[in-house]
Ligand SMILES: Nc1ncnc2c1ncn2[C@@H]1O[C@H](COP(=O)(O)OP(=O)(O)OP(=O)(O)O)[C@@H](O)[C@H]1O
Ligand SMILES: [Mg+2]
């Protein structure tokens, strides 16, 4: 596949740093170069489908450069970092994110992944395709952490880093977005600007903006509780085999994830009550 992208003149390479999961990501003019991983071709096919289906708020897949790296379009805008600021905690942000995810899901709905599709995941993890509604329904993003949402004009405008994209249910994918942005975390573990937010109200606003069905509203909290449980198990497993995840674990995940499990158990009923009201 090397060399399918034709570079017009060598550009300056600027390192792009996220949370440190993927090494070697660089920007070259209007493009991003990423190391090829086992799932890269599948993600490029997915991104191509999204484009063809009219979803343009994700990187455009541009093939491979002559060093064999994946080439994507650079998405202009600002990527927030922890601790998240007050202006990202506005309800308008959550509403716009819900609309963005809705458009992603609607565009993804028509895509049947190739038979030889390969999906990413956290290191050391057993692969499971189980979703909250039974069968996988749609290929979702599955990693709406702040570093993967591009803002323009103070609002979410695009999604990047589809490394964890995989067949999932819409509800499971929404639970992931809400985990980071409602957020579904103990106040101790939130950015200070998010500590006192009315989470049930925010989840309901998100649900309205997405257009969640009655059934999706009923199963959201159980889906979120299962997801947080999986985060805990998977993060612990990843920490055993990967130094970056070992650092995430030691620097907070080991406390944050059990606290999130306890928090959703205690506050989930109030969220569901608000969602189905
Ligand atoms: N296509 C793109 N357009 C614009 N910015 C990008 C793009 N790809 C990556 N970036 C920037 O580089 C950072 C790291 O990229 P990316 O999120 O893909 O890597 P990562 O190490 O996997 O991050 P994470 O730790 O969030 O998983 C992003 O947070 C973003 O700031
Ligand atoms: Mg990222």
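The values are calculated or read from the model by the stated rules, or taken from the named source; none is laboratory data. Everything numeric in this text was worked out from a predicted model, so none of it was measured. Neighbour counts run over all protein chains shown; Cβ positions are idealised from the backbone, glycine included.
Scanning region 13-34 for residues that are surrounded by 13 or more Cβ atoms within 10 Å (Cβ to Cβ) and more than 10 Å from ligand 1 (Cβ to nearest atom) gives 28, 29.
Restricting 259, 246, 226 to those that are surrounded by fewer than 19 Cβ atoms within 10 Å (Cβ to Cβ), assigned by TED's automatic domain parsing to the domain that holds residue 164 and under 19 Å from the mean Cα position of the chain (by Cα) reduces the list to 226. When region 156-172 is limited to residues that are closer than 25 Å to residue 37 by Cβ and more than 16 Å from ligand 2 (Cβ to nearest atom), the one that is surrounded by the fewest Cβ atoms within 10 Å (Cβ to Cβ) turns out to be 167. Against the criterion of being surrounded by 13 or more Cβ atoms within 10 Å (Cβ to Cβ), within 28 Å of residue 6 (Cβ to Cβ) and within 16 Å of ligand 2 (Cβ to nearest atom), residue 62 does not qualify. A search for C-beta distances below 8 Å between a residue of region 201-222 that is more than 24 Å from residue 262 (Cβ to Cβ) and any residue that is outside any helix (DSSP H, G or I), counting only pairs 6+ apart in sequence or on different chains, returns nothing.
Looking at 201, 246, 215, can you tell me which residue is part of a helix (DSSP H, G or I) and closer than 29 Å to residue 123 by Cβ?
Working: 201 fails: closer than 29 Å to residue 123 by Cβ; 215 fails: closer than 29 Å to residue 123 by Cβ.
Unique residue meeting the criteria: 246.
Report whether or not residue 17 is more than 26 Å from residue 117 (Cβ to Cβ) and either in a helix (DSSP H, G or I) or within 16 Å of ligand 2 (Cβ to nearest atom) (or both). Against the criterion (more than 26 Å from residue 117 (Cβ to Cβ) and either in a helix (DSSP H, G or I) or within 16 Å of ligand 2 (Cβ to nearest atom) (or both)), residue 17 qualifies.
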